[in-house]
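Chemist: Quick one: structure below, then a few questions.
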Amino acid sequence: MARLFWRGSALFRPSVATLTTLGVLGTTYHTTGVAHADNNGALEENSAYLGVSQTTSRRRTAIEPFPFGKNRDVIWTHPQASAFSATVEGDTGIARIDSLTLSNKAWSEDFVALRSVSVSGLTKDALSTNWSLVSLTNGFSGSRISLELSKIINNAVLDGLTTNLHEYVKPNSETEFTDVETSPYPTEPYEEAVNRIIKSYFVAIDTAFTEDPLKEALSSGKKADAIRPQSVALSGCSAILSLYDSSAKQLRIALTGDSRALLGRPLKNKDGSKSYEVHVLTADQTIQPSSPHASVIAQAKLPHPVSRAFGVASLKWGREIQQRLHEEYLGDRPFLPTTTAEPPYITAEPVITSISIKPGDFLVLGSAGLWKSLTNEEIVGLLGVWVDRGMINADTNVVERLSSSELLNPRDLPVAGRSAKVVKGDSDDGTTMYRRWRTKKQFVCVDHNAGLHLARNALGGSDQDLTAALLSMSPPRAALFRDNISATVVFFDD
């Protein structure tokens with residue numbers, strides 16, 4: 001296993017802690033960071049990657065490989081935060097990735113994982129291409145399943161696709177995919193095959209977390225063996241995964257839970273000015289009256305009222321197993337909803353959407369907390385301003401830019417087809433946090449990391465005093481005034 005370690009753009013050895021002052025969200029703190037590379041996979045893997053997960057010890061551990069270029073910057077921003085910004089090399093079709101996760105707890109519940117591989121013979125036209133996977137897991141009721149899922153979801157989906165798509169290629173055809181388990185081999189459209197495989201692996205991963213380890217632990221008859229499987233299975237998380245095919249220029253999004261994906265697309269207006277289209281790629285999977293088992297899920301009083309999720313085993317286990325865990329293995333009290341329906345009441349199967357990518361497009365993967373402060377239009381508009389002002393090449397001197405930054409009103413953002421509420425500057429735009437803080441939305445563009453740019457404007461924007469106050473709050477009080485915020489921005493090639 002090859003290991004690379006760096007602080008910022010400089011190599012360093014593990015377990016090195018320094019006091020670092022950065023002009024990022026105006027904070028100073030003490031931390032240790034670790035990243036490493038691993039090339040022992042069977043596929044042709046790119047040689048360097050950066051770990052962006054965070055644990056309670058503040059040690060970042062690597063998750064997935066990605067072909068980051070020389071312009072990479074690990075940004076230590078806050079005791080409960082993890083952020084990075086990096087250019088991307090190779091034929092990925094991706095120019096840069098920026099990311100930030102900020103927790104309102106003493107531990108992180110949100111994790112980002114990256115993976116990029118070269119493949120051949122697995123696409124609709126059987127050509128060689130590059131697949132890039134970016135996933136964001138957002139935990140609730142604990143971080144265990146979110147962290148464990150982040151470690152394996154990209155690899156599992158990739159392995160599922162490489163294993164199964166080979167079986168669908170007919171010997172005499174490069175474009176038809178068939179189900180070899182039936183006769184006389186009915187054709188299956190390529191897009192349906194890919195989506196089905198992704199869905200099946202999401203469900204299989206969830207089963208591996210909520211059922212398989214528990215069965216093994218119960219067979220041992222030891223209480224200690226059953227504790228960890230319960231802590232993983234009973235916690236919950238949303239997961240959103242993007243899969244980009246560089247040759248086909250096709251982006252696929254798989255969502256389980258209440259995270260969200262947006263696409264911003266640059267447009268040239270008739271007057272020569274530039275604006276950005278907003279493409280909402282996912283629908284929030286929150287409880288609706290029409291949702292299956294909506295009343296049962298409501299009775300569970302989840303921190304995130306989602307209709308789909310990984311974990312949340314109390315909504316998947318039968319009453320007998322819950323009762324046995326409670327009586328014999330220090331388990332929680334059984335969840336006994338008022339219903340005659342049998343569990344599971346919730347699923348991890350994702351909803352999958354896709355879109356063709358055009359030059360200059362950018363993708364945003366974010367947690368629900370981001371949208372409590374900013375609308376879809378504001379997020380795309382803010383990133384449009386960030387791109388147009390060349391912040392992708394800005395230095396790290398945020399403090400200097402804050403002292404002379406231009407204030408941006410929501411209605412001034414370069415967004416195509418804005419809603420009437422945005423045009424009028426209506427404060428009732430569907431978000432809640434700015435009204436809760438009793439302050440008007442005004443934004444700034446000062447950060448050299450697009451994820452930090454969104455986070456700053458989701459936490460007070462131009463109101464530096466409010467931003468500082470929100471970030472100075474320690475858990476558990478921080479959770480009263482700000483949600484977990486995660487924002488990962490993928491910039492596609494021009």
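Where a number appears in this text, it was derived from the coordinates with a stated rule and is not lab data. These numbers come from a predicted model, not from an experiment. Virtual Cβ from ideal backbone geometry, glycine too; neighbours counted across all protein chains shown.
Chemist: For a paramagnetic label modelled at 7 Å from the Cα of ALA479 toward its Cβ, which residues of the range 229-269 fall within the zone defined by backbone nitrogen distances under 15 Å?
Modeler: 235-237
Chemist: At q = 0.09, 0.11, 0.16 Å⁻¹, work out log10 I(q)/I(0) for the range 314-436 with the Debye formula, treating every Cα as an identical point scatterer and leaving solvent out; two decimals please.
Modeler: Values, matching the q order: -0.54, -0.68, -0.93.
Chemist: Another question about this same structure. Let me know the whole percent of all Cα-Cα pairs from the range 236-368 that are separated by more than 17 Å.
Modeler: 66 percent
Chemist: Ok, one more. Viscosity 0.890 mPa s, temperature 25 °C: what is the translational diffusion coefficient of the range 128-167 from Stokes-Einstein with a Kirkwood Rh over Cα pairs, rounded to a whole number of µm²/s?
Modeler: Answer, rounded: 210 µm²/s.
Chemist: Right, next: Which three extents, in angstrom, do the Cα atoms of the range 314-382 have along their principal axes, listed largest first?
Modeler: Here the Cα extents, ordered largest to smallest, are 58, 26, 24 Å.
Chemist: Step by step: find N for the range 188-269, compute 2.2 N^0.38 Å, then divide the Cα radius of gyration by it. What's the final number?
Modeler: With N residues counted in the range 188-269, Rg over 2.2 N^0.38 Å equals 1.60.
Chemist: Could you size up the charge dipole of the range 268-333 around its Cα centre, putting +1 on the beta carbon of Lys and Arg and -1 on that of Asp and Glu, and report it in debye to the nearest 20?
Modeler: I would put it at about 240 debye.
Chemist: Convex hull volume of the Cα atoms in the range 350-391, per residue, in Å³?
Modeler: Value for the range 350-391: 99 Å³ per residue.
Chemist: Contour minus end-to-end for GLU188 and ALA469, with contour as 0.36 nm per residue of separation and end-to-end as the Cα-Cα distance?
Modeler: That pair, GLU188 and ALA469, stretches by 95.6 nm at full extension.
Chemist: I've got another one for you. Alpha carbon centre of the range 262-294 versus the range 367-404: separation in Å?
Modeler: 18 Å
Chemist: Estimate the FRET efficiency between ASN393 and GLN323 by the formula 1/(1 + (r/R0)^6), using the beta-carbon distance for r and 56 Å for R0, to the nearest 0.05.
Modeler: E(calc), rounded to 0.05, equals 0.40.
Chemist: Past 23 Å, Cα to Cα: identify those pairs from LYS270/LYS358; LYS274/LYS358; LYS215/LYS301; LYS105/LYS151; LYS105/LYS440; LYS105/LYS316, in the order given.
Modeler: Pairs exceeding 23 Å: LYS215/LYS301; LYS105/LYS440; LYS105/LYS316.
Chemist: Moving on. Assuming R0 = 51 Å, what is the FRET efficiency of ASP332 and GLN442, from their Cβ-Cβ distance, to the nearest 0.05?
Modeler: With R0 = 51 Å, the Cβ-Cβ based efficiency is 0.65.
Chemist: Give the residue from TRP437, ASN449, ILE485 lying farthest towards the positive end of the charge dipole for the range 374-494; charges sit on Cβ (+1 for Lys and Arg, -1 for Asp and Glu) and the dipole is referred to the Cα centre.
Modeler: The Cα lying farthest towards the positive end belongs to TRP437.
Chemist: Can you give the net charge of the other residues whose Cβ lies under 11 Å from the Cβ of PRO334, counting K and R as +1 and D and E as -1?
Modeler: Here the count lands on 0.
Chemist: Taking the Cα centre of the range 262-355 as the origin and placing charges on Cβ (Lys, Arg +1; Asp, Glu -1), which of SER307, VAL351, LEU263 is farthest toward the positive end of the dipole?
Modeler: Value computed over the given set: LEU263.
Chemist: Please report, largest first and rounded to whole Å, the three semi-axes of the ellipsoid equivalent to the range 85-152, where each semi-axis is the square root of five times an eigenvalue of the C-alpha gyration tensor.
Modeler: 30, 15, 7
Chemist: Which far-off residues, 5 or more places away or on another chain, put their amide H under 5 Å from the one on SER462, with H placed in the peptide plane?
Modeler: GLN442, PHE443, VAL444
Chemist: If you place +1 on the Cβ of every Lys and Arg and -1 on the Cβ of every Asp and Glu, how big does the dipole about the Cα centre of the range 290-436 come out, in debye to the nearest 20?
Modeler: The calculated dipole for the range 290-436 is roughly 300 debye.
Chemist: Right, here's the next one. So how long is each side of the range 356-494 along the principal axes, counting just the alpha-carbon atoms, biggest first, in Å?
Modeler: 43, 36, 28
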